[in-house]
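Report on the structure given below.
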Amino acid sequence: MLVSLFITCYNDTLFPETGRSVVRVLERLGHEVEFRPEQTCCGQMHWNTGYLHEAIPILRHFVEVYRDAETIVVPSSSCVSMMRDHYLKAADSVMDASLRADVEALLPRIYEFTEFLVKRLGIEDVGATFPHKVTLHPSCHSQRSLHLGDIPTRLLKQVRGLQLLNLENSQECCGFGGTFSIKNADVSSAMLADKVRCILNTGAEVCTAVDNSCLMHLFGSLHRQRTLVRTAHIAEILASSAGERA
Amino acid sequence: MKPAVSSHWSDRDFPEAARELLEDSQTRSNVRHATDVIQAKRDAVTGELPDWQQLRDAGEAIRAHSLAHLDFYLEQFEQACTRAGGQVHWARDAAEANQIILGLIQRHSVTEVLKIKTMTSEEVGLNPYLETHGIRAHETDLAELIIQLGKDKPSHFVVPALHKNRMQVREIFQREMHLPELGERPEDLASAARSYLREKFFRLKVAVSGANFLIAENGAVCIVESEGNGRMCLTLPDVLISLVGIEKVLPRFRDLEVFLQTLPRSATGERMNPYNSIWTGVRPGDGPKEFHVVLLDNRRSPILGDAESRQTLQCIRCAACLNACPVYHQTGGHAYESVYAGPIGAILTPQLHSLEEGRSLPYASSLCGACYEVCPVKINIPEVLIHLRGKIVEEDQKTLRGQLGIWNLGMATAAMLLASGARLSMAQRMGQIAQKIFVNRDGMIERLPFPLSGWTQTRDMKSLPKQSFRQWWSERAAPSEASVGNPDRAGHAAGRGGPDGQ
């Protein structure tokens, strides 16, 4: 299958290893990956911060770039939730019927990365080996918007050597929330402190998630506190094979 | 100048109020403990219902329908209530509501009245208003009594004294009830409150309440509660005055079937409330001789007129969103500077006042969606938060100051850079160079200028990698586009493209 990768702006800029891992997993499973260099961003940061007018051209651009793509895979539940929860509303807000029609046609072809593996391809074992203690932070958008449920867990359980450790209060937000982490830095930091405490209590070496946004936030505190816990997007774990360091 | 009566308490914005509360470890631990307990009970009693999601759908449908035809149902309620012997009054705003209630109380020449827990009366500032006219209102809900005696403010609209623990309550009772020997067991505290309140129940002739629901078809008023003190106030006094927001009306009596299941399960984690009082007008020899309903608008009509945020008025005040909210868990209710705290407060308060006054509240959320998930009438609070943020930004952009503000400039710049792949690519290359003044020798960023300093106050950040994904892809794809998807090619790419060990 030809898979169109929407890497997302922050993965592109800050976490290229996640994109490389997605490519690796998909190619290992025998799929062809294409990357359209015109792509930029889903518009979430602008939309969620209240810059609704500024978000419209960005999402319009996204729709243009992927109009003829058959299958679009996104390694971020947060960006997919922006598309599923807000794109139609955004089209309606500018009373653009043709944009609405384009979005309606596009949405069923967009998948979050783990959702694509398990729901679309029906694969839980991607042939990965990752001999480490891992805990999963089930990000808010993956749970409450995309309703991924146990999909990420099912993938991790098939990874050779991986020991999955239970995270207490796992459903609670890590406090990132995009610009919330800056506009309400104190509250965000307090939420983060609770989440980090729970992660440290698991004894995990690696904290993973389907969103690098949360992981960037968690890493920020884990590193500031000089802990040895690393963060890795789930794609990086699923791309790992025997004999490699994480 | 701000009106003297207001449900919005001060000019402090949310981040400022929150900062202070975050340092109060006692309050934070009280809030965390109490919300955890309620939340666990709520999860258990909602989880046991096979039709919980259908009950939420039904609740949403009934509330949305009521609001869509609010004018009709309010008039129907007025007629039915009047027919049953009640008297209906219409209050445009807080000041009118207070005047009407004061007038009704003064007609009976009393200087003290009973109060049943009513957040609507907190919204209009009824108690301080009555006080300035020589009338003392006695709160009879245990939590409201604690708040009143402690000269405090409610921090949660179902459990107003949630931020106080038992020992703190005991201190307040010891001091205010003159009971130096009072014990610390829950029974001791309840017994002290009972003696204190009983005397008032028997002596006072006028009571003021709120209501959970109004029933349009028969003019009934419904209050659910846990303690029975409300029932005392509804049955013993000669005069009962109920102050109710106009949005509280339901079309039919049978609609209670849904809400008497969803409200207690969502609010206190009980299958049903211990006391469910529903009364219709007056009846000789039974309950109050005189019954008034004061219907309060107080800027609810404009909310009704906004299609995007109308759902705010579907709220049945269960406070499940407070108990589920990770922001509320950290700060408690006082950070919201309003009688309506938590996620629902973050959308309700700015709309009941002005977006300018409550402008920090729609940003007091990480948009995690926990509030929407638990809401028994399915108010999409994150969606309304974003809608209100949009209105705030739109207003800001009308002024030069707003246009030149750091957020507006930053967002405009970002939007410009995200307009095409080539611009984003250019921005990445510039960022890789420009970041050097912030990056330490370990490749980390530990300090950034305002407003990004908010991030680095507690968090490090990895510097931008030498190669963005698109840079890597273009180098990888360079030899021949046609070879993409070829197994040999994939194998080659895997060698370069795997996790890099960072």
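The values are calculated or read from the model by the stated rules, or taken from the named source; none is laboratory data. Nothing here was measured: the structure is a model prediction, and the numbers come from that model. Quick reminder, even Gly has a Cβ in these numbers, built from the backbone with ideal geometry, and neighbours come from all protein chains shown.
Tell me whether the stretch A:120-132 contains one or more residues that are aliphatic (A, V, I, L, M), touching a Ser or Thr at 6+ places or on another chain (Cβ under 9 Å) and outside any helix (DSSP H, G or I). Reasoning before the result, please.
Going through the stretch A:120-132, the residues aliphatic (A, V, I, L, M) turn out to be A:121, A:123, A:126, A:128.
With the extra rule that they be touching a Ser or Thr at 6+ places or on another chain (Cβ under 9 Å), the set shrinks to A:128.
Keeping just the survivors that are outside any helix (DSSP H, G or I) gives A:128.
Yes, some residue in the stretch A:120-132 is aliphatic (A, V, I, L, M), touching a Ser or Thr at 6+ places or on another chain (Cβ under 9 Å) and outside any helix (DSSP H, G or I).
Could you check, for the stretch B:170-188, whether at least one of its residues is of a type in the set (D, E, K, R) and either under 25 Å from B:G345 (Cα atoms) or touching a residue at least 40 places away in the same chain (Cβ under 8 Å) (or both)?
From the stretch B:170-188, those of a type in the set (D, E, K, R) are B:170-171, B:175-176, B:181, B:184-185, B:187-188; that's our starting set.
Checking which are either under 25 Å from B:G345 (Cα atoms) or touching a residue at least 40 places away in the same chain (Cβ under 8 Å) (or both) leaves us with none.
Looking for residues that are of a type in the set (D, E, K, R) and either under 25 Å from B:G345 (Cα atoms) or touching a residue at least 40 places away in the same chain (Cβ under 8 Å) (or both), one finds none in the stretch B:170-188, hence no.
For the stretch B:97-131, the set of residues classified as farther than 21 Å from B:N212 by Cα and either assigned to a helix (DSSP H, G or I) or hydrophobic (A, V, I, L, M, F, W, C) (or both) consists of B:Q99, B:L102, B:G103, B:L104, B:I105, B:Q106, B:V110, B:P128, B:Y129, B:L130, B:E131, listed by residue number.
For every residue, the table says whether it meets (1) in a strand (DSSP E or B); (2) within 24 Å of B:I101 (Cα to Cα); (3) modelled with pLDDT under 95.
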site	(1), (2), (3)
B:H138	yes, yes, no
B:L145	no, yes, no
B:I172	no, no, no
B:L182	no, no, no
B:V224	yes, yes, no
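Number of residues in the stretch B:432-451 that are surrounded by 14 or more Cβ atoms within 10 Å (Cβ to Cβ) and either within 18 Å of A:C42 (Cβ to Cβ) or touching a strand residue (DSSP E or B) at 6+ places or on another chain (Cβ under 9 Å) (or both): the value is 7. Taken together, A:A91, A:A69, A:A105 contain a single residue that is touching a Ser or Thr at 6+ places or on another chain (Cβ under 7 Å), on the phi < 0 side of the Ramachandran plot, surrounded by fewer than 23 Cβ atoms within 10 Å (Cβ to Cβ) and of a type in the set (A, V, I, L, M), which is A:A69.
Does the stretch B:303-331 hold any residues that are assigned to a helix (DSSP H, G or I) and touching a His at 6+ places or on another chain (Cβ under 8 Å), and which are they? So that I can check it myself, show each step before the final result.
Residues of the stretch B:303-331 that are assigned to a helix (DSSP H, G or I), as a first pass: B:303-304, B:310-314, B:320-324, B:326-331.
Passing the criteria: only B:L322.
Of the residues B:A44, B:A91, B:A80, B:A61, which is modelled with pLDDT of 95 or more, in the same structural domain as B:F213 (by TED's automatic domain parsing), surrounded by fewer than 13 Cβ atoms within 10 Å (Cβ to Cβ) and among the aliphatic types (A, V, I, L, M)? Can you show your working first?
Working: B:A91 fails: surrounded by fewer than 13 Cβ atoms within 10 Å (Cβ to Cβ); B:A80 fails: surrounded by fewer than 13 Cβ atoms within 10 Å (Cβ to Cβ); B:A61 fails: surrounded by fewer than 13 Cβ atoms within 10 Å (Cβ to Cβ).
Step by step, each of B:A44, B:A91, B:A80, B:A61 is checked, and only B:A44 is modelled with pLDDT of 95 or more, in the same structural domain as B:F213 (by TED's automatic domain parsing), surrounded by fewer than 13 Cβ atoms within 10 Å (Cβ to Cβ) and among the aliphatic types (A, V, I, L, M).
Any residue at all in the stretch A:95-102 that is within 29 Å of A:H137 (Cα to Cα), without any contact (Cβ under 8 Å) to a residue 40 or more places away in the chain and either part of a helix (DSSP H, G or I) or at the interface with chain B (Cβ under 10 Å from one of its Cβ atoms) (or both)? No, because not a single residue in the stretch A:95-102 is within 29 Å of A:H137 (Cα to Cα), without any contact (Cβ under 8 Å) to a residue 40 or more places away in the chain and either part of a helix (DSSP H, G or I) or at the interface with chain B (Cβ under 10 Å from one of its Cβ atoms) (or both). Would you check if there is a residue in the stretch B:412-431 being more than 21 Å from A:C41 (Cβ to Cβ) and either part of a helix (DSSP H, G or I) or more than 8 Å from chain A (Cβ to nearest Cβ) (or both)? No.
Limited to the stretch A:4-24, what total is found for residues that are over 15 Å from the mean Cα position of the chain (by Cα) and either buried (at least 24 other Cβ atoms within 10 Å of the Cβ) or facing another protein chain (nearest Cβ under 7 Å) (or both)?
1
Considering only helices (runs of 4 or more DSSP H) fully contained in the stretch B:351-410, which possess at least 1 residues that are more than 25 Å from B:D57 (Cα to Cα) and aliphatic (A, V, I, L, M)?
Details: elements: B:370-374, B:381-396, B:400-403.
Passing ranges, in order: B:381-396, B:400-403.
Yes/no per residue for (1) modelled with pLDDT of 95 or more; (2) out of contact with any Asp or Glu (no Cβ under 7 Å at 6 or more places or on another chain); (3) in the same structural domain as B:I246 (by TED's automatic domain parsing):
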| residue | (1), (2), (3) |
| --- | --- |
| B:E337 | no, yes, no |
| B:S354 | no, yes, no |
| B:S360 | yes, no, no |
| B:Y363 | yes, yes, no |
| B:L367 | yes, yes, no |
| B:E383 | yes, yes, no |
| B:K391 | yes, yes, no |
| B:N408 | yes, no, no |
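In the list A:H53, A:H86, which residue meets the criterion of being within 10 Å of chain B (Cβ to nearest Cβ), modelled with pLDDT of 95 or more and within 18 Å of the chain's Cα centre (by Cα)?
On the way: A:H53 fails: within 18 Å of the chain's Cα centre (by Cα).
Exactly one residue qualifies, and that residue is A:H86.
Which residue out of B:A44, B:A17 is over 25 Å from B:S365 (Cβ atoms) and within 23 Å of the chain's Cα centre (by Cα)? One residue alone meets the criteria, B:A44.
Is the stretch B:437-448 home to any residue that is in a helix (DSSP H, G or I) and free of Cβ contacts under 8 Å to residues at least 24 places away in the same chain?
Start the filter on the stretch B:437-448 by keeping residues that are in a helix (DSSP H, G or I), which leaves B:437.
Remaining after also requiring free of Cβ contacts under 8 Å to residues at least 24 places away in the same chain: B:437.
Yes - at least one qualifying residue is present in the stretch B:437-448.
Note on the stretch A:166-179: among residues that are of a type outside the set (G, A, S) and surrounded by fewer than 17 Cβ atoms within 10 Å (Cβ to Cβ), the one that is nearest to the other protein chains (Cβ to nearest Cβ) is A:Q171.
Looking at the structure I just gave you, is A:V229 farther than 22 Å from B:N440 by Cα and not polar (S, T, N, Q)? Outline the logic, then answer.
Numbers: farther than 22 Å from B:N440 by Cα: no; not polar (S, T, N, Q): yes.
Against the criterion (farther than 22 Å from B:N440 by Cα and not polar (S, T, N, Q)), A:V229 does not qualify.
In this entry, A:D150 is excluded by the filter for residues that are of a type in the set (D, E) and surrounded by 19 or more Cβ atoms within 10 Å (Cβ to Cβ).
Can you name the residue in the stretch A:199-246 that is assigned to a helix (DSSP H, G or I) and more than 12 Å from every other protein chain (Cβ to nearest Cβ) and, of all such residues, is surrounded by the most Cβ atoms within 10 Å (Cβ to Cβ)?
Here is the first cut: in the stretch A:199-246, the residues assigned to a helix (DSSP H, G or I) are A:199-202, A:212-224, A:234-239.
Checking which are more than 12 Å from every other protein chain (Cβ to nearest Cβ) leaves us with A:199-202.
On the way: A:I199: 25, A:L200: 16, A:N201: 13, A:T202: 19.
Here the answer is A:I199.
Being out of contact with any Cys (no Cβ under 7 Å at 6 or more places or on another chain), at pLDDT 95 or above and either of a type in the set (S, T, Y) or more than 25 Å from A:P152 (Cα to Cα) (or both) is true for just one of A:V74, A:V65, A:V25. Which residue is that? Even if it seems obvious, please write down each step before you answer.
Details: A:V74 fails: either of a type in the set (S, T, Y) or more than 25 Å from A:P152 (Cα to Cα) (or both); A:V25 fails: either of a type in the set (S, T, Y) or more than 25 Å from A:P152 (Cα to Cα) (or both).
Answer to the check: A:V65.
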